[in-house]
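Some notes on the structure that comes next.
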Amino acid sequence: MAVRNTVYTVTDASGKALCHAPASSKSDLNSTRKRAAREAFEAMCREAGMVTDNGWWTCAVTGTKGRRNSTERQTWASEAVIDMGHVIPDADGGAFCPCNFGPQVRADNLACEADNNAHLIPATFVATDPRVHWRAVWERTAKPSRIAKAV
């Protein structure tokens, strides 16, 4: 299934996504590509000032501070855990790309996942939408030929 773009998807003049492949849903990617997307997500959130040097993240939805541990899914006794929330959920064709991610408290993200049509609503974010920094982060690692095609 082809994934849907967001307003922050880097595209060419025809509207084709340059920052992710047409089939970049979570289930279609291997671990290397998922890791790259997680690293780009962190770079984007750092650029937005939502990650501190000592590892505290800010949830875009609530402004809650928490830690992120995407591989072990570990929780800390008194801390919120921050996940990569999808603006367009997987079930609705959301890309596994930072152009579709926002930092979200795990409990809220799991509630969204339980309801296949639930998603992040950027207009309700109390913190910065880190995706405003996505293009700058993408341009630092993209091939020059792809950057030249971007509109």
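The values are calculated or read from the model by the stated rules, or taken from the named source; none is laboratory data. Quick caveat: nothing in here was measured; it's all calculated off a predicted structure. Neighbour counts are summed over all protein chains in view; Cβ atoms, including those assigned to glycine, are modelled from backbone coordinates with ideal geometry.
Any residue that is over 17 Å from ARG38 (Cβ atoms), of a type in the set (A, V, I, L, M, F, W, C) and not in a strand (DSSP E or B) - is there at least one of those in segment 98-108? Looking for residues that are over 17 Å from ARG38 (Cβ atoms), of a type in the set (A, V, I, L, M, F, W, C) and not in a strand (DSSP E or B), one finds at least one in segment 98-108, hence yes. Annotation: of all residues in segment 24-47 being touching a helix residue (DSSP H, G or I) at 6+ places or on another chain (Cβ under 9 Å) and closer than 18 Å to ASN5 by Cβ, the one that is surrounded by the fewest Cβ atoms within 10 Å (Cβ to Cβ) is LYS26. For segment 109-138, the set of residues classified as farther than 22 Å from LEU18 by Cβ, in contact (Cβ under 8 Å) with a residue 60 or more places away in the chain and assigned to a loop (DSSP other than H, G, I, E, B) consists of LEU120, PHE125, VAL126, ALA127, THR128, listed by residue number. When segment 137-151 is filtered for residues that are in contact with a helix residue (DSSP H, G or I) (Cβ under 7 Å, 6 or more places away or on another chain) and aliphatic (A, V, I, L, M), the ones remaining, listed by number, are VAL137, ILE147. Scoring VAL51 on the criteria (1) in contact with an Asp or Glu (Cβ under 7 Å, 6 or more places away or on another chain); (2) under 18 Å from ILE88 (Cα atoms) leaves a single failure, condition (2). You will find that of VAL81, VAL61, the residue that is among the hydrophobic types (A, V, I, L, M, F, W, C), modelled with pLDDT of 85 or more, surrounded by 15 or more Cβ atoms within 10 Å (Cβ to Cβ) and part of a strand (DSSP E or B) is VAL81 and no other.
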